[in-house]
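To keep things clear, I will list the structure first and then write my remarks on it.
Taken together, the values in this text are just the output of simple stated rules run on the coordinates, not laboratory data. Keep in mind that what you see is a predicted model, and the values were worked out from it rather than measured. Positions of Cβ are backbone-derived with ideal geometry, glycine not excepted, and every protein chain shown enters the neighbour counts.
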Amino acid sequence: MGRRDDEEKEASFLVLALYAMGYDAEAIALHTAEFMCELQLSWGGDYPRVRFNLDEHDRSACRRFFRFEAQEIRQILISMDLPEEIITSQGCVVPREEAFCLLLRRLTYPARLDDLKCEFGRSAGSLSSTVNTTAQMVYDKIKTKMAFDQRMVERYKERSSEAIFNKVGRLSKCFGFIDGTIRQTCRPVRFQDQLYSGHKRKHGIKFQNITMANGMIVSMFGPIEGRRHDSFMLEESKVMSEMQHHPGYHLYGDQGYPLKSWLITPFPDSRRTAEQCDFNRDLSRARIAVEWSFGWIARYWKCFALITNMKVLKSPVATLFLVATFFTNCLSCVRRKNQASKYFRCRPPALDVYRADLNTDTAIDENDYPSDEDVLDFFDDESDMSSYDGSSNDGEDEDREGAEEDAWEASELSDEDEID
């Protein structure tokens, strides 16, 4: 009892001091929690004997640390159909909700495992194995959906193509945009030549993204070695066979892709007419939507900003990136908006509809979208999740790398901008 009394007394003094200094309630709570953690560690032991409780986090704290509110986390967990207890490779038994929140917490910020000890009351080894095991279990549930979401495309391709045509006045049957990106990693001790991109001058793994007008990422294919070209990813992803289920519809990509019946690319540089230049410019401004989606992943899940932690031979970098992509889609569904949806005036589906797709036996309400009047009222609000203004470069795709780099650098935005 003496030790506990001392802890409570010192914590009380800290609260009074912070209050006198003008700190708000949230800051006082965070500083007090950190202080108690350090205090418990000072009494001995590698980590404090605490147990994680999601209900102890208010709405603001949940969004800041996990990007979702508690109710939303539990909704996603239901669709994941994970076991009640996660058993890691080290034999640790962790409650499902705690393991899922730990995964979200790990993705949200590049925090050290030693820092997470104080929040979850577990050793660094237990935390690491829990994150990896949970990420793999989530990936096993979503891998087919992330490779190419046929149900999402079939349901919303008509509305997406209408939104794109209404915005740019071209390509009446284009329902999405395709592009590739490289996710930078540490220089590995092996396979350096395979992972090195001479164009980007860095090591990394590549992914191919297809984004619809509502901002939903319907395909994130990868990983592919960093040295590969976008056209190689296109062939490996088997998108052509997937697009055969949607005759008459097509995607739009940059000049790095070959022209096909289902894939439209810009007119080449040589001997372009004024009308062709206008076509390239208009579609380039619309194609920036796929760059925005890369930016959302980087901004919401900042663990990828710490390159020294991206070790492909030591951690599941690709699995974490694909899981983060799925969570980004969930965020768009929860907020019912994103930069692309506001730009094209095409609202994302509700979370219940998106997560129900994980179970192919679940009946989906295809009339989830609101009426046209509701959509127009919704988009009258100019507030947004992103700093982009809807404009691209001068219409030429040779500068697309700059837009992509800007998207990854969007992780510098403040937390307040991210979660509103």
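For Glu158 and Asp81, calculate 0.36 nm times their separation in residues minus their Cα-Cα distance, and state this gained length in nm to one decimal.
24.6 nm
For the stretch 181-260, with only Lys/Arg (+1) and Asp/Glu (-1) charged at the beta-carbon, what is the dipole magnitude about the Cα centre, in debye rounded to 20?
For the stretch 181-260, the charge dipole is close to 420 debye.
Quick one: Val317, Val50, fewest Cβ neighbours within 10 Å first, how do they rank?
Val50, Val317
By how many nm would the segment from Lys238 to Val93 lengthen if fully extended, with 0.36 nm per residue of separation less the alpha-carbon distance?
On the way: separation 145, 0.36 × 145 = 52.20 nm, distance 3.87 nm.
Working it through step by step, the gained length comes to 48.3 nm.
So what's the net charge close to Gln75: Lys and Arg +1, Asp and Glu -1, counting the other residues with Cβ under 9 Å from its Cβ? Intermediate results must be reported in sequence, preceding the final value.
On the way: positive: Arg74, Arg355; negative: Glu72, Asp352.
Result for the neighbourhood of Gln75: 0.
Starting from the Cα-Cα distance between Ala20 and Arg201, subtract it from 0.36 nm times their residue separation and give me the gain in nm to one decimal.
Gain in length upon complete extension: 60.0 nm.
Could you work out the Kirkwood radius for the stretch 250-290, taking every pair of different alpha carbons, averaging 1/r and inverting it, reported in Å? Mind dumping the intermediate values first?
Details: mean 1/r = 0.0942 Å⁻¹.
That comes to 10.6 Å for the stretch 250-290.
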